[in-house]
1. Let me know the charge dipole size of the chain about its Cα centre in debye, to the nearest 20, where only the beta-carbon of Lys, Arg (+1) and Asp, Glu (-1) is charged.
2. Please find the FRET efficiency linking E86 to D56, where r is the Cβ-Cβ separation and R0 is fixed at 22 Å, and quote it to the nearest 0.05.
3. Rg and Dmax of the range 7-117, using alpha carbons, in Å: what are they?
4. Which Cα, out of Q111, L34, G72, lies furthest along the positive dipole direction of the range 33-117 (beta carbon charges, K/R +1, D/E -1)?
5. Give me the net charge for the shell around H85: Cβ to Cβ below 12 angstrom, other residues only, Lys and Arg +1, Asp and Glu -1.
6. Which value, in Å² and to the nearest 10, is the accessible area of D66 when all protein chains are kept and the probe is 1.4 Å?
7. Under 5 Å between amide H atoms, partner at least 5 residues away or on a different chain: which partners does F68 have, H built in plane at 1.01 Å?
Amino acid sequence: HLKNMSALDSLAKGTASKPEMDIVIGVINVAEALCELGVGVEYHQLVLDASSALYDVCKRSFEINDRFICRGSELSAIKTGYEVHEAQLEVTTIGMLDKALDVIDKTIRGQKATVIV
């Protein structure tokens with residue numbers, strides 16, 4: 001939890017490193033996978049909005065010397081995605097979390113993940 005929140009804080013300050021961005025991406029990916037498994041499914045669109053905002057931040061980083069700078073609406077969407085993730089963790093079992101990680105792994109292996117090029 002601490003490293004997740006620290007990474008979000010760095011992103012908000014405009015000082016996030018690539019490893020910290022990987023953590024932020026991981027949080028939103030897990031939130032999305034949990035929604036797909038039925039945990040917080042009513043908030044799926046909020047998580048998709050967070051994912052889209054995160055994509056935009058990462059894509060833009062290539063244009064600004066690998067710096068991860070959020071616009072206000074992007075940061076708001078990502079923070080909301082984090083809030084959904086936190087709520088999901090309150091009701092998620094370790095087994096469900098493992099299933100979510102399997103969903104993410106299958107998505108990546110199946111080349112269905114959105115890749116930033």
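The values are calculated or read from the model by the stated rules, or taken from the named source; none is laboratory data. Everything numeric here is computed off the predicted structure, so don't read it as measured data. Every residue, glycine among them, receives a Cβ derived from its backbone with ideal geometry; neighbour counts consider all protein chains shown. What goes into the accessible areas is simple: the full protein's heavy atoms, side chains included, and nothing from ligands, DNA or RNA. Shrake-Rupley method; radii C 1.70, N 1.55, O 1.52, S 1.80 Å.
1. Once rounded to the nearest 20, the dipole reads 360 debye.
2. 0.45
3. For the range 7-117, the Cα-based Rg and Dmax read 13.7, 40 Å.
4. Q111
5. Net charge in that neighbourhood comes out at -3.
6. Probe radius 1.4 Å; accessible area of D66 about 100 Å².
7. A16
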